[in-house]
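Presented below is the structure to which this report refers.
Each value in this text was obtained by applying a stated rule to the coordinates, not by laboratory testing. Note that the structure is a prediction, hence the values are computed from the model and not measured. Note that we place each Cβ from the backbone using ideal geometry, even for glycine, and neighbour counts take in every protein chain shown.
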Amino acid sequence: MTDYDAILFDNDGVLVEPPSDATLRRAAESAFRAVGVESPDEEHVADVLRGVTPESLHEVCDTYGLDPDEFWTARDRHASAAQRDEFREGARARYDDVAAVEDLAHEFGLVSSNQHETIEFVLDHCGFRDLFGTHYGREMGVGSLDKKKPNPHYLERALADLGGETALYVGDSESDVAAAHRAGLDSAFVRRDHCRGVELSVEPNYEVPDLRGVAEIAGD
C-alpha cells in the first residue's frame, strides 16, 4: 500500500472505453462541412482526430483558409455530440473494474483531455457524479490545446481543489505519465487491450493491467 492524499484518473481508456476512430472521423468530417469544407483531404481529417497541437491545427486551417478557433470549436462540438451518442447507443460503456477502486479511502479527481462538456455527460451517464470531488476536461476552443496533457495544468488544478499534497495519476498514455511527472505526482499506466503494444519513452511509477491493480497500489 502507498499513502496518497488523492487519486486522479484519466477518463477515456481508464474509466470508460475510448472513443472509436470511426466515430471521431465522422465527427471531424462533420466539422469540416460545418465550416464550408465539403471534401477535406483524408490526411487532414486524420490530423484532427487525436494528438492535435496548435501548430498542426493551424497548418490544416491554413490549407482551407479557415479560422482555427472557429474550426476547432466546431470539431469539439461535433466530437462531443458523437461521443455522447456512442454511450446512448451502447457502443461505449464504463469499465467493470471501476468497482475495484470505488471504496478506496481517497479523494478522487478526474482529469481528461476530452471536452469538459463530454466529461459532464460521462459523470451522469456512467454514475460517476458522486465518485469524484473535482473534474476537468478541456474548454471548447483552440485556446485549450495548450493546456492539455502533457501540460500538467488541469492536474494541478484538480489537486488544489482536493486540498492534497500527494497524489497518484492513473492514465493509459505517454502524455498521462509525462503530465503526472511534470506535476510532481506518481503515475500508474493502465495497459488495457487498446494500448497493449504501446512503448513508452517515459517510465511510469507503476504499470497495471486494470484498475484492480490501482486498488492494490493504493488500498487500505
Connecting every pair of Cα atoms under 10 Å apart in the chain and solving the GNM, the largest mean-square fluctuation among ARG88, ARG191, ARG129 falls on ARG88
Along the stretch 196-202, Karplus-curve 3J(HN,Hα) (6.51, -1.76, 1.60; θ = phi - 60°) to the nearest Hz, with x for Gly and Pro, reads 4, x, 5, 9, 9, 9, 10
Here FRET efficiency (C-beta to C-beta, GLU165 to ASP193, R₀ 30 Å, nearest 0.05) is 0.30
In vacuo Debye sum over C-alpha of the chain, base-10 log of normalised intensity I(q)/I(0) at q = 0.08, 0.10, 0.18 Å⁻¹, listed in q order, is -0.28, -0.44, -1.32
If one compares the long axis through the Cα atoms of helix 68-88 with the longest principal axis of the Cα atoms of the chain, the angle in degrees, nearest 10, works out at 60
Expected max-MSF residue from ARG196, ARG157, ARG25 in the GNM of the chain (alpha carbon, under 10 Å) is ARG196
Among beta bridges assigned by DSSP with both residues in the chain, the antiparallel ones amount in percent, to the nearest 5, to 5
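Which chymotrypsin sites (Phe, Trp or Tyr not before Pro) in the stretch 115-145 pass both tests, a DSSP loop state and at most 12 other beta-carbon atoms within 10 Å? Please list the in-between numbers first.
Working: sites: PHE121, PHE128, PHE132, TYR136; in loops: PHE128, PHE132.
Counting only loop positions with at most 12 other Cβ atoms within 10 Å, none of the chymotrypsin sites (Phe, Trp or Tyr not before Pro) in the stretch 115-145 qualifies.
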When SER144, SER112 are arranged by how many other beta-carbons sit within 10 Å of their Cβ, fewest first, they go SER144, SER112
Mean-square fluctuation maximum in Gaussian network of the chain, Cα pairs under 10 Å, restricted to ALA28, ALA105, ALA82, hits ALA105
Note on the stretch 21-88: the mean projected area of its alpha-carbon convex hull, in nm², is 4.1
Once normalised by the length of the chain, the mean sequence separation of its alpha carbon contacts under 8 Å that are 6 or more apart gives a contact order in percent of 27
